[in-house]
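The values are calculated or read from the model by the stated rules, or taken from the named source; none is laboratory data. Predicted model only: the values in this text are computed from it and were never measured. Here the Cβ positions follow ideal geometry from the backbone for every residue, glycine too, while neighbour counts run over all protein chains shown.
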Amino acid sequence: MEQTKRPNIIRKIFSIRGMGQVLSVTSALILMCIVFSILNPNFFSGKNISNLLRQVVPILIIGIGQSYVLITGNIDLSIGSVVGMSCMISATLMTRGVNPWVAAGITIICCIGMGLVSGLLVSKAKLPPFIATLGTMIVARGIAQIANNNYNTDAIGDAAKGFRSFFYYGSTLGLFNTVWIGIVIFLIFNFILSRTRTGRHIYAIGSNVEASKLSGVNVIATTTKVYVISAICAGIVGLITTATGGLGTMDAGNGYELNAVAASVIGGVSTLGGQGILLGTVVGAFIWGVLNNGLQFAGAPVAIRNIVIGVVVVVSVLIDIIARTGKTSKKNA
């Protein structure tokens, strides 16, 4: 009886959409960890693992937001700038005497507004997502710059100790609070994507927009939602950035949009839309983190790390495109 059940369980796991890609990249992640631990035994030290987890969480969170957008067949280039906007708005408010939690709430509302603008430009105004989010990227970075009159902020002060502890320095049950935040965000958005009607609509739009409309999917509302989710994720990372440094910096989040895409596509989220699961984004974020951390331990300069990660992203996208177009041509044949 046990022998007949095991194949069914394995078959059930592999039948989950995108699970094959997740298992493949997980194997690559394990192999990388083994290689880096051989190169430097300190790679698996408790201190390094703890630091690695905190480095990965911001990339994981923005990767989740970008994954939502990519699954609809779109892209969000504004994520990094929204991180910077969130960092500067929250820090500026705190340095001017606003309660840290009120400042955080106002910041997230501002980020939601930016997500709404991006979503409506893409879904309602029919602008190409590249152009629409390039525009909001520039606007968000401009807001970050004028939030404190083109200056980085002063330290957010002792009044923000609780805020900094919650978002970065504090720990619960042996894990930094930052890690718990990442876990909670993953659980919430994974449930939405995999278990709700909104999630089914997101996949449907990415697979075929016209067929989705005919099936009764509100494409404008659903597309706008994914951009709002992306902006919320970026806003949370901005708050983590503020808590980490204890001040607001205008260049916070620079390049994060590319890191978000990297985590998503390495984890199997298709740039062509309609495919991918958030578990893959988790693995993709860890591959990004392990590559950065491991190459740093190996003494590789930042330039080499960037080149390696860039090559991995390009190869991941190429494999996805070849696989998807190959399947399409077979079906047509």
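Here is how the numbers come out for the structure above:
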read-out	value
Pick from segment 122-139, criterion within 18 Å of the chain's Cα centre (by Cα) and aliphatic (A, V, I, L, M), ranking: nearest to Gly206 (Cα to Cα)	Leu134
Cβ-Cβ under 6 Å pairs, at least 6 apart or on other chains, segment 94-117 side on the phi > 0 side of the Ramachandran plot, far side in a helix (DSSP H, G or I) and crowded, with 19+ Cβ neighbours inside 10 Å	none
Hey, Ala252 more than 14 Å from Asp320 (Cβ to Cβ) and outside any helix (DSSP H, G or I) or not	yes
Only listed residue being out of contact with any Ser or Thr (no Cβ under 6 Å at 6 or more places or on another chain), among the acidic types (Asp, Glu) and over 30 Å from Tyr151 (Cα atoms), chosen from Glu257, Glu210	Glu210
Test: residue in segment 180-190 that is on the phi < 0 side of the Ramachandran plot, at pLDDT 95 or above, among the β-branched types (Val, Ile, Thr) and not in a helix (DSSP H, G or I)	no
Set Gly113, Gly199: member being in a helix (DSSP H, G or I), under 24 Å from Thr242 (Cβ atoms) and of a type in the set (Gly, Ala, Ser)	Gly113
Unmet criterion (only one of (1) basic (Lys, Arg); (2) closer than 20 Å to Gly253 by Cα; (3) free of Cβ contacts under 8 Å to residues at least 60 places away in the same chain) for Lys161	(2)
Subset of segment 134-155 (residues that are without any contact (Cβ under 8 Å) to a residue 60 or more places away in the chain, polar (S, T, N, Q) and surrounded by 15 or more Cβ atoms within 10 Å (Cβ to Cβ))	Thr136
Ala144, sole failed condition from (1) farther than 27 Å from Val102 by Cβ; (2) assigned to a helix (DSSP H, G or I); (3) of a type in the set (Gly, Ala, Ser)	(1)
Residue within segment 233-242 that is modelled with pLDDT of 90 or more and more than 26 Å from Trp180 (Cβ to Cβ) present	no
Candidate set: segment 241-275, residues that are among the β-branched types (Val, Ile, Thr) and crowded, with 24+ Cβ neighbours inside 10 Å; chosen: the one farthest from Met19 (Cα to Cα)	Thr242
Filtered residues of segment 202-223 (kept if in a helix (DSSP H, G or I) and surrounded by fewer than 12 Cβ atoms within 10 Å (Cβ to Cβ))	Glu210, Ala211, Leu214
Test: Val226 is surrounded by fewer than 23 Cβ atoms within 10 Å (Cβ to Cβ) and either under 24 Å from Leu23 (Cα atoms) or not hydroxyl-bearing (Ser, Thr, Tyr) (or both)	no
Segment 81-119 - residue that is in contact with a Lys or Arg (Cβ under 8 Å, 6 or more places away or on another chain) and among the small types (Gly, Ala, Ser) and, of those, farthest from Ala144 (Cα to Cα)	Gly119
Among the candidates Leu278, Leu291, residue that is surrounded by 13 or more Cβ atoms within 10 Å (Cβ to Cβ), modelled with pLDDT of 80 or more and out of contact with any Lys or Arg (no Cβ under 8 Å at 6 or more places or on another chain)	Leu278
Tally of residues being touching an Asp or Glu at 6+ places or on another chain (Cβ under 8 Å) and hydroxyl-bearing (Ser, Thr, Tyr) across segment 52-80	1
All positions within segment 74-106 that are of a type outside the set (A, V, I, L, M) and under 21 Å from Phe166 (Cα atoms)	Gly84, Ser86, Cys87, Ser90, Thr92, Thr95, Arg96, Gly97, Asn99, Pro100, Trp101, Gly105
